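Values quoted throughout were computed directly from the atomic coordinates according to the rules given, and no laboratory measurement underlies them. These figures come from a predicted structure and were not determined experimentally. Quick reminder, even Gly has a Cβ in these numbers, built from the backbone with ideal geometry, and neighbours come from all protein chains shown.
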Amino acid sequence: MQVVSSFETAFGGTPEGVWHAPGRVNLIGEHTDYNDGLVLPFAVPWGVTAAVSRRSDDRVRVVSVQAGGPVEEIEGWAAYPIGVALTMRAAGLPVGGADIAVDGDVPRGAGLSSSAALEISVALALNDLYDLGQSPLDLARLGQRAENEVVGMPCGIMDQAASALSKEGHALLLDCRTLGSRAIPFDLPSHGLELVIIDTGVHHELADGQYAKRRRDCENAAERLGVESLRDVTDLADALSRLSGDERKRTQHVVTENHRVEAVIGLLRAGAVAEVGALLNASHLSLRDQFEVSCPELDVAVESAIKGGARGARMTGGGFGGSAIALVATDRADTLRRHVAEAYEARGWKAPVFRTAIPSAGARRLV
């Protein structure tokens, strides 16, 4: 295992254990998590593997197969794993030092949540090694706090929860207000379908201010409407009549996106999986026009996927780049890929990368 070799080279000796946490795809429910809303992500087969040992002092050293090291400073990629250890200590948990080697195969910047996978793999390792007794949901909250307070990215809890809580063959319905969750069966092959991930190759940086601005828009709208969060808006027409500009558009997206999550759950329970596609289309239009987090590469991916036979498609993740997803009949998947690739080639863009999204298991110890 390459991560073990990296650990041995950097630190000497053998790690006490190896842990894995996956990235995620969000089927629907975008930018609703920090509005106390509903989300429906699932874990993917790619993630971050961490080989970890305790230290007798409080130092935390990290090395990455991809990025090198060892590093002890809270900067760049190292802010994520070191931030988790510091956040655990700040929460009063008895976390000592650690030597940590990580190896990831989640494409960074593809909107598949490589950062949450890194956070949760390290959080789970420290939880086990220091016998902290934290639940998977506790670890998700600690990972989110580390990203909010140490990295400076004001994300909601969806990504960390999906990495920590997902079950193989299921999507995760998460209520981001109560933090209650349910595993929803999501077996596309039995319906002759697959979910294609289209990585645009446009790498986004969500900590550059645009994500934070969207969150402020939502918070300002909720304050203007006199509600705790946009989750509490029950009369959308009335709310929109009292708002203007960006606050109005953000509110329209969040409220209707929560309804779309509920509608998708209903279709999945009824076995009408192919009909989910129309809701994916509606979600993308709302993210493009109301939340304004799409980009030309994502729009072309969605439009050409639909022309290529997709039942529906949308951008996934925080936006401004990353990936789109497309729900398609298995026998049309190659045609879809060809349509999207040709659309990119016609515009002189770098070829997109295609992956098949397979609902996978959440974080776990490997060795």
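What the table shows:
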{"quantity": "Residues (among the polar types (S, T, N, Q), part of a helix (DSSP H, G or I) and without any contact (Cβ under 8 Å) to a residue 40 or more places away in the chain) located in the range 104-143", "calculated": "ASN127"}
{"quantity": "Options SER294, SER286, SER323, SER304; residue that is under 23 Å from SER114 (Cα atoms), without any contact (Cβ under 8 Å) to a residue 60 or more places away in the chain and of a type in the set (S, T, N, Q)", "calculated": "SER294"}
{"quantity": "Single residue of VAL25, VAL71, VAL39 found to be farther than 30 Å from SER229 by Cα, in contact with a strand residue (DSSP E or B) (Cβ under 6 Å, 6 or more places away or on another chain) and among the β-branched types (Val, Ile, Thr)", "calculated": "VAL71"}
{"quantity": "From the options GLU247, GLU168, GLU228, GLU194, residue that is touching a residue at least 40 places away in the same chain (Cβ under 8 Å) and out of contact with any Ser or Thr (no Cβ under 7 Å at 6 or more places or on another chain)", "calculated": "GLU228"}
{"quantity": "Complete set of residues in the range 35-89 that are among the hydroxyl-bearing types (Ser, Thr, Tyr) and under 23 Å from the mean Cα position of the chain (by Cα)", "calculated": "THR49, SER64, TYR80, THR87"}
{"quantity": "Check on THR256, surrounded by fewer than 20 Cβ atoms within 10 Å (Cβ to Cβ) and of a type in the set (Val, Ile, Thr)", "calculated": "yes"}
{"quantity": "Members of the range 1-30 found to be among the β-branched types (Val, Ile, Thr) and either touching a residue at least 60 places away in the same chain (Cβ under 8 Å) or not in a loop (DSSP other than H, G, I, E, B) (or both), listed by number", "calculated": "VAL3, VAL4, THR9, VAL18, VAL25, ILE28"}
{"quantity": "Top-ranked residue in the range 312-367 [being β-branched (Val, Ile, Thr) and surrounded by fewer than 23 Cβ atoms within 10 Å (Cβ to Cβ); ranked as farthest from ALA164 (Cα to Cα)]", "calculated": "THR335"}
{"quantity": "Candidates VAL62, VAL71, VAL39, VAL4, filtered to the one that is more than 19 Å from PRO136 (Cα to Cα) and crowded, with 22+ Cβ neighbours inside 10 Å", "calculated": "VAL62"}
